[in-house]
């Protein structure tokens, strides 16, 4: 049993403050303002107690990342489920949702179960698969959504491709009602985005790069919201990047649609003005947009228009990114750096409270995708993050657990990291070192 | 004066640095016009041209410039090289480095490709056109041509007309001209002149005829036929009616306006033959000056000073 003493606990489903917390048999045993040694001994029932002084540290429910690309099966040179799950716990994520655009895409129950099994074998973060929406991500026939759900899929997405055919999107929203799971939309009009390398605006005009206009996203957001309204379907909008989309989502929520939306940390931390022709780790889709867009995204995240943060962790091998900007693939890795960067640049300056951080990166994804977690209530699974706001670390290719290094923070020092992470009551990260379960299948 | 290894664009150069290059090109042009056009200056130096996009005049111009200066110019035919076997730009660059290249002249469809090479190579790099980004030697030869005819460019009005959006020539010219104090107007249809081009800091106009009065120079950009297929303008006919240069239209300037074109020309589309071949047409002059300006750039990048060429 663990006894965390006098720690600042941030419970997005309750309150925040100094607490004593007990972890026993994989669950949160107690969460109280103060516990006496007698009470603790009684609760332990003879079990040895490992106690820890939490002074100056934060305790969060494990962070949950709703958007990661783990590249397995098929593209293991970029990442695999074990390395992705390792990166996750190093960054404070106890649960991650794996996108389905692998090779082959996760469009059958067998593949859904494979992803879950690989996650359990890694024994680090919990790995939840998304299934594709259509077979082979070809945008035509729907997958066997009921079967995929039984296999463990928590939603459906053709992310990376957009469903350009509106009728297929409509049918997907209708049919997914049978599962109660959301359709995750990568909202992008391929004709408007075609060939672009960065946000269409003055920075692109100066650099001579073809731009991706905001309308490439907002038009599809508008379409998806119309279809969600018409069908009553459940939709989650991935990686929202521009102010027009925020406005559309705000209106849709006022009308009571079953819509949720995410924003990626890089869209809150960088703009198109940070892009130059050589730093391909800032090449991402949707692209880094203007300062006005960035403001609208933060406002949206604070007022609840945008429900959650998600990294869109998109690993690539170094050679792919070591190309001229226009030719490099899109994507930024985020699992190991996103929490620290958001902490440093948004939480420390007071733009985002620790509680809102836990709401948008733990509670909201747990609720939307039906996952355990997002709370510090007694009886909940002990997926927990002990966060040290003073811990500093330089991000280098050697320090990263991910196989990839396409992060704009490479070579920089960040401050604020998890120093102890539990999944199901077991430590998986201790003193910044991974400690995977030796006995294989640990979770569930 | 800063010492450079590379020439990647004009955006990062100071007005004095641009003037220095143009000044150096003057004696180079004299050498070029001699019966025996050969200098020993760069004897034993190896200059490679690496062109990923089709080009005749620019590539030949660079080769000529290098040879007049006494360097060995080697052309790497991209279509016959291992590039076709999937070799990355970085690996190609490293291979050239290993051959002890002194200078690489690259044209590539990706903006930033020349800068990318420069970052990975000890050898010097000249950008001979990278995507829609910059084509610095083209702008330098345009500046040289204008200066030769007009003298100081301060306060001179220069109109660049056509497909500005996709034009690296236009971008480099805007930086160069504004640094030398000229007034620049970019003209073209809205689809080829989107509002974000205001970042270049010069006037944008859809109405060429309204801008013509007082123009000292009008530069027509080459119109790529595939832009019509992409729906950027309805037809060459309609384009030509609003933006094609001909003698009648040019009367509106009220001056002996110089007509420039980076070539190759679509005669009868962006420029009428009588204008291109007439006394105001600078196209052939530009080609000659192109060799001189490229000699100057190669010479300066290889560590030369202005007074060696005598």
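The values are calculated or read from the model by the stated rules, or taken from the named source; none is laboratory data. Note that this is a predicted model, so its numbers are computed, not measured. Positions of Cβ are generated from backbone atoms using ideal geometry, with glycine treated the same way; all protein chains shown enter the neighbour counts.
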Can you name the condition, by its number, that residue A:149 falls short on among (1) within 14 Å of chain B (Cβ to nearest Cβ); (2) part of a helix (DSSP H, G or I); (3) surrounded by fewer than 24 Cβ atoms within 10 Å (Cβ to Cβ)? (1)
Among A:336, A:327, which is the only one that is buried (at least 24 other Cβ atoms within 10 Å of the Cβ) and either farther than 24 Å from residue A:394 by Cα or touching a helix residue (DSSP H, G or I) at 6+ places or on another chain (Cβ under 6 Å) (or both)? A:336
What tally of residues in the range A:91-116 results from selecting those that are outside any strand (DSSP E or B) and without any contact (Cβ under 8 Å) to a residue 60 or more places away in the chain? 16
Scan the range B:42-82 residue by residue and report those that are over 21 Å from the mean Cα position of the chain (by Cα) and surrounded by fewer than 15 Cβ atoms within 10 Å (Cβ to Cβ). B:43, B:44, B:70, B:72, B:77, B:79, B:80, B:81, B:82
Given (1) touching a strand residue (DSSP E or B) at 6+ places or on another chain (Cβ under 6 Å); (2) assigned to a helix (DSSP H, G or I); (3) closer than 30 Å to residue A:112 by Cα, where does residue A:70 come up short, assuming only one miss? (2)
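Listed here are the residues, each with its yes/no results for (1) modelled with pLDDT under 95; (2) in the same structural domain as residue B:150 (by TED's automatic domain parsing).
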{"position": "B:253", "(1), (2)": "no, yes"}
{"position": "B:266", "(1), (2)": "yes, yes"}
{"position": "B:271", "(1), (2)": "no, yes"}
{"position": "B:274", "(1), (2)": "yes, yes"}
{"position": "B:294", "(1), (2)": "no, no"}
Determine whether the range B:192-203 contains at least one residue that is touching a strand residue (DSSP E or B) at 6+ places or on another chain (Cβ under 8 Å), away from chain A (no Cβ under 14 Å) and not in a loop (DSSP other than H, G, I, E, B). yes
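Listed here are the residues, each with its yes/no results for (1) touching a helix residue (DSSP H, G or I) at 6+ places or on another chain (Cβ under 9 Å); (2) farther than 18 Å from residue A:388 by Cβ; (3) modelled with pLDDT under 95.
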site: A:4; (1), (2), (3): no, no, no
site: A:9; (1), (2), (3): no, no, no
site: A:12; (1), (2), (3): yes, yes, no
site: A:18; (1), (2), (3): no, no, no
site: A:32; (1), (2), (3): yes, yes, no
site: A:44; (1), (2), (3): no, yes, yes
site: A:58; (1), (2), (3): yes, no, no
site: A:62; (1), (2), (3): yes, no, no
If we keep just the residues of the range B:206-224 that are touching a residue at least 12 places away in the same chain (Cβ under 8 Å) and assigned to a helix (DSSP H, G or I), which is nearest to residue B:193 (Cα to Cα)? B:208
Picking from B:128, B:123, the residue that is more than 14 Å from chain A (Cβ to nearest Cβ), modelled with pLDDT of 95 or more and either surrounded by fewer than 24 Cβ atoms within 10 Å (Cβ to Cβ) or touching a helix residue (DSSP H, G or I) at 6+ places or on another chain (Cβ under 9 Å) (or both) would be B:128
Among the residues of the range A:278-315 satisfying the criterion of being within 14 Å of another protein chain (Cβ to nearest Cβ) and in a loop (DSSP other than H, G, I, E, B), which is surrounded by the most Cβ atoms within 10 Å (Cβ to Cβ)? A:287
Among the numbered criteria (1) within 14 Å of chain A (Cβ to nearest Cβ); (2) touching a strand residue (DSSP E or B) at 6+ places or on another chain (Cβ under 9 Å), which one does residue B:184 miss? (1)
Out of (1) within 26 Å of residue A:32 (Cβ to Cβ); (2) within 19 Å of the chain's Cα centre (by Cα), the one residue A:427 does not meet is (2)
Quick check on the range A:77-90. Is at least one of its residues assigned to a loop (DSSP other than H, G, I, E, B), at pLDDT 95 or above and under 21 Å from residue A:7 (Cβ atoms)? no
Given (1) without any contact (Cβ under 8 Å) to a residue 60 or more places away in the chain; (2) more than 14 Å from every other protein chain (Cβ to nearest Cβ), index of the condition residue B:143 fails: (1)
Only one of A:404, A:358 is assigned to a helix (DSSP H, G or I) and either buried (at least 23 other Cβ atoms within 10 Å of the Cβ) or not assigned by TED's automatic domain parsing to the domain that holds residue A:199 (or both); which? A:358
Quick check on the range B:122-129. Is at least one of its residues touching a residue at least 24 places away in the same chain (Cβ under 8 Å), assigned to a loop (DSSP other than H, G, I, E, B), touching a strand residue (DSSP E or B) at 6+ places or on another chain (Cβ under 8 Å) and outside the structural domain of residue B:294 (by TED's automatic domain parsing)? no
Breaking point among (1) within 23 Å of residue B:236 (Cα to Cα); (2) without any contact (Cβ under 8 Å) to a residue 40 or more places away in the chain; (3) facing chain A (nearest Cβ under 10 Å), for residue B:167: (2)
Over the range B:146-164, the set of residues in contact with a strand residue (DSSP E or B) (Cβ under 7 Å, 6 or more places away or on another chain) and within 14 Å of chain A (Cβ to nearest Cβ) is B:164
Yes or no: the range B:211-228 includes at least one residue that is more than 14 Å from every other protein chain (Cβ to nearest Cβ), in contact with a helix residue (DSSP H, G or I) (Cβ under 6 Å, 6 or more places away or on another chain), farther than 25 Å from residue B:149 by Cβ and modelled with pLDDT under 95. no
Taking the conditions exactly as written (part of a strand (DSSP E or B) and either closer than 30 Å to residue A:194 by Cβ or in contact with a strand residue (DSSP E or B) (Cβ under 6 Å, 6 or more places away or on another chain) (or both)), does residue A:389 satisfy them or not? yes
Conditions (1) touching a helix residue (DSSP H, G or I) at 6+ places or on another chain (Cβ under 6 Å); (2) farther than 30 Å from residue B:38 by Cα; (3) modelled with pLDDT of 95 or more; number of the one not met by residue B:289: (2)
For residue B:176, only one of the following conditions fails: (1) within 14 Å of another protein chain (Cβ to nearest Cβ); (2) closer than 12 Å to residue B:160 by Cβ; (3) part of a helix (DSSP H, G or I). What is its number? (1)
Residue ranges of helices (runs of 4 or more DSSP H) in the range A:167-244 with at least 2 members within 14 Å of chain B (Cβ to nearest Cβ) and over 16 Å from residue A:155 (Cα atoms): A:190-193, A:202-207
